[in-house]
1. When you go through B:Pro137, B:Pro115 one by one, which is the residue that is touching a residue at least 24 places away in the same chain (Cβ under 8 Å) and more than 28 Å from B:Ala303 (Cβ to Cβ)?
2. Without any contact (Cβ under 8 Å) to a residue 40 or more places away in the chain, surrounded by 15 or more Cβ atoms within 10 Å (Cβ to Cβ), of a type in the set (S, T, N, Q) and over 26 Å from B:Gly145 (Cα atoms) - does that describe any residue in the stretch A:205-217?
3. Would you mind stating whether A:Ala285 is under 22 Å from A:Val158 (Cβ atoms) and away from every other protein chain (no Cβ under 12 Å)?
4. From the residues in the stretch B:315-338 that are more than 9 Å from chain A (Cβ to nearest Cβ) and hydrophobic (A, V, I, L, M, F, W, C), which one is farthest from A:Pro90 (Cα to Cα)?
5. Would you point out which residue out of A:Gly242, A:Gly168 is surrounded by fewer than 19 Cβ atoms within 10 Å (Cβ to Cβ) and free of Cβ contacts under 8 Å to residues at least 60 places away in the same chain?
6. Scanning for something in contact with a helix residue (DSSP H, G or I) (Cβ under 9 Å, 6 or more places away or on another chain), small (Gly, Ala, Ser), surrounded by 15 or more Cβ atoms within 10 Å (Cβ to Cβ) and modelled with pLDDT under 85, does the stretch A:274-291 turn up at least one residue?
7. Being assigned to a loop (DSSP other than H, G, I, E, B) and closer than 17 Å to B:Gly104 by Cα is the filter here; which residues of the stretch B:172-191 pass it?
8. Could you tell me which residue of the stretch A:108-139 is nearest to the other protein chains (Cβ to nearest Cβ), considering only residues that are in a loop (DSSP other than H, G, I, E, B) and buried (at least 16 other Cβ atoms within 10 Å of the Cβ)?
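The values are calculated or read from the model by the stated rules, or taken from the named source; none is laboratory data. This is a predicted model, so every value here is computed, not measured. Reconstructed Cβ throughout: ideal geometry from the backbone, glycine too, with neighbour counts over all protein chains shown.
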Amino acid sequence: MLDALASMLANADFWSAVLRIATPLVFGTVGVLLCERVGVLNLGIEGIMVAGAFTGWLAVHAGAGLWTGVLVAAVTGALFGLLHGILTVPLALSQHVSGLGITMFATAVAYYAYRVSFPNVSTPPTIATFAEMSWLGVPVLAAQTPMTLVAIALVPLVAWVLYRTPLGLALRMVGENPAAAEGQGLSVYALRIGSIAAGSALMGVAGAFLTLSAFNSFFFNMVNGRGWICVALVVFAGWRPGKALFGALLFAFFDAMQLRLQQSDAGALPYQAWLMLPYVLSILALVAVARRASYPQALMRPYRKGER
Amino acid sequence: MRLEARGAVSPAMALAAPVVAVAFTLAVAALFVAWAGAPVGRTYALIFEGGFGSRFAWSETLTRATPLILTGLAAAIAFRARLYNIGAEGQLYAGALAAVAVGGLHGGTGFDLPPALLLVAMFAAAALAGGLLMALPAFAKTRFGVDEVVTTLLLNFIVLLFVSMMLDGPMKDPAAMGWPQSVALREELELPKLVERTRVHAGLLIAIGLAVLSWTAMRATTFGFEVRAVGANPRAARFAGVPVARTLLLVALASGAAAGLGGAIEVAGRTGYVTLDMSPGYGYTGIVIAMLAGLNPLGVVAAAVFVAGVLVGADSMSRAASVPTYIADVIVAVALIAMLVAALAARYRIRLR
């Protein structure tokens, strides 16, 4: 058992798998973080990832370039984010229910559109995906696609915006104390909706990673709870971008490990028990950090002008 | 944009809200139908006919509505206390599994009880399985402050994998020739059919009975009052002496039990055994039903029949027209969002400036 573990950890393929599994989670988690930092829960992520995976793939299948596909997925995500923003910010509807509604709507639209576009296919059509960056020459990174680099670069960028720019200060203020932000002459509605749209665009890109990089076609149930895991990871990360990257990598580490152990003879456990592990770990992580989690103060509190 | 509370919601307004929401939904879905290149009027006619147009259509719709009433109740009860139970899907499967464990697995050797007693034990086990599955996240919420939405969502995946494990292992049907399905329920435990030569079964009466019971409990008991108080304002409820944590735990048990019973009733009334695809998302659809019903348990029955009719009708329509059956999911999702906005508009004036 220990030998198997040691040889696994010494294997570059294993660490490549960790980075590959982590990439959509990094996009998604940073996306959720941008929404929650301005005070709005976005349970639309699961469906937005499905929609992004579909539209990005459809664009490439129709002849567009791969980066155009990523852009299309981002725009798709932003549009659903805009809808969620309007429903939850000025209309102040339940963020839980609106988010679930967005997930159902986005998923339904994507599946419907897939069936309309490809009425009679038994095997899903494929596309040429992003290539590995073998020219890079660095062992683990060379096995990744450029989208992984973008994901890693995104983390310091978002951290810099949030903590080092006036815009970031305004965003954080809107999520902590919207009345004070309004007092500074900031528009709470515009900042919230804008940040939700930006975060949702990243969720769309997270989905596109699945179809444009990890797999080469679109199929049903391909997101498979990854969105919900991102929501859990943000709590685990204490709403900080750096910790979100760490959380995504840690999660991916365990996921890659269970995939290997499933195949080895390390356990006589049924494969389903291994597959449960990532979900169980997410719940345990939530319970472990919940007590000392410092939520954005205005999370899930709609803001109404002139009301306390 | 600004929201101005209307003084009192007029009954006309409250009735108009769902009508406007449904009309808006049909208009949006018409765009999707037109996009697929099908005639809108004929498609809608086919959906209506397939869902409500004949004796057979009604029987299929009511059969489909049965589990939906129960998952709708699960959501309506919990959401009333602002406990967001998104785990009804998992609780339904847990209930189905528990039902077969009691009423099928032992084939008379383990539980040598008279059928009537075994039936009660079977439903009790299913309710308990669903209830406990929801009690865990509720406990984590009240004790550790863990948001129940994420935990209940994640539990759905865990339960489905557990079901898959059971169907491969101890509960596998040896006669199923490799199909992942559980051993069958004992024949005398199957629920009787209500109408001959249809699939409508006594589970429908149980579901409606539970809806009436929940409605009464919410309106006429201290517990119902406490649930509404906790949902309206937990701090004020605590100040008024309502035991908030205990109320939430009881709500969780009741909500999970409803979904668990839904699973048992599906097994006892329709399938006879557990499979991994016995629920095409009944748990999630239940949330939409609860919202369409305005969290009113009696409204849940009506909303479940409506949604079941759309689902059944879309299935039958897609066999005749070139519109994918996913149109039903589009309709249900748009109806949820439209209903949220319509209910808001009934309570508030939405001022653009």
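1. On the way: B:Pro137 fails: more than 28 Å from B:Ala303 (Cβ to Cβ).
Matching residue, one of B:Pro137, B:Pro115: B:Pro115.
2. Within the stretch A:205-217 (the criterion being without any contact (Cβ under 8 Å) to a residue 40 or more places away in the chain, surrounded by 15 or more Cβ atoms within 10 Å (Cβ to Cβ), of a type in the set (S, T, N, Q) and over 26 Å from B:Gly145 (Cα atoms)), the answer is no, since none of the residues qualifies.
3. On the way: under 22 Å from A:Val158 (Cβ atoms): yes; away from every other protein chain (no Cβ under 12 Å): no.
Answer is no for this residue.
4. So, considering only residues that are more than 9 Å from chain A (Cβ to nearest Cβ) and hydrophobic (A, V, I, L, M, F, W, C), the one farthest from A:Pro90 (Cα to Cα) is B:Ala320.
5. On the way: A:Gly242 fails: free of Cβ contacts under 8 Å to residues at least 60 places away in the same chain.
Result: A:Gly168 is the single residue among A:Gly242, A:Gly168 that is surrounded by fewer than 19 Cβ atoms within 10 Å (Cβ to Cβ) and free of Cβ contacts under 8 Å to residues at least 60 places away in the same chain.
6. Step one: list which residues in the stretch A:274-291 are in contact with a helix residue (DSSP H, G or I) (Cβ under 9 Å, 6 or more places away or on another chain), which gives A:274-283, A:285-291.
Still in the list and also small (Gly, Ala, Ser): A:282, A:285, A:288, A:290.
This time we only want the ones that are surrounded by 15 or more Cβ atoms within 10 Å (Cβ to Cβ), so: A:282, A:285, A:290.
Now narrow it down to the ones that are modelled with pLDDT under 85: A:290.
For the stretch A:274-291, residues in contact with a helix residue (DSSP H, G or I) (Cβ under 9 Å, 6 or more places away or on another chain), small (Gly, Ala, Ser), surrounded by 15 or more Cβ atoms within 10 Å (Cβ to Cβ) and modelled with pLDDT under 85: present.
7. As a first pass, look at the stretch B:172-191 and keep what is assigned to a loop (DSSP other than H, G, I, E, B): B:173, B:177-180, B:183-186, B:190-191.
Answer for the stretch B:172-191, where residues must be assigned to a loop (DSSP other than H, G, I, E, B) and closer than 17 Å to B:Gly104 by Cα: B:Asp173, B:Pro180, B:Val183, B:Ala184, B:Leu185, B:Arg186, B:Glu190, B:Leu191.
8. We begin by selecting, within the stretch A:108-139, every residue in a loop (DSSP other than H, G, I, E, B); these are A:118-133, A:137-139.
Now restrict to residues that are buried (at least 16 other Cβ atoms within 10 Å of the Cβ): A:124, A:127, A:129-130, A:132-133.
Working: A:Pro124: 15, A:Ile127: 22, A:Thr129: 26, A:Phe130: 28, A:Glu132: 30, A:Met133: 32 Å.
For the stretch A:108-139, the residue satisfying everything is A:Pro124.
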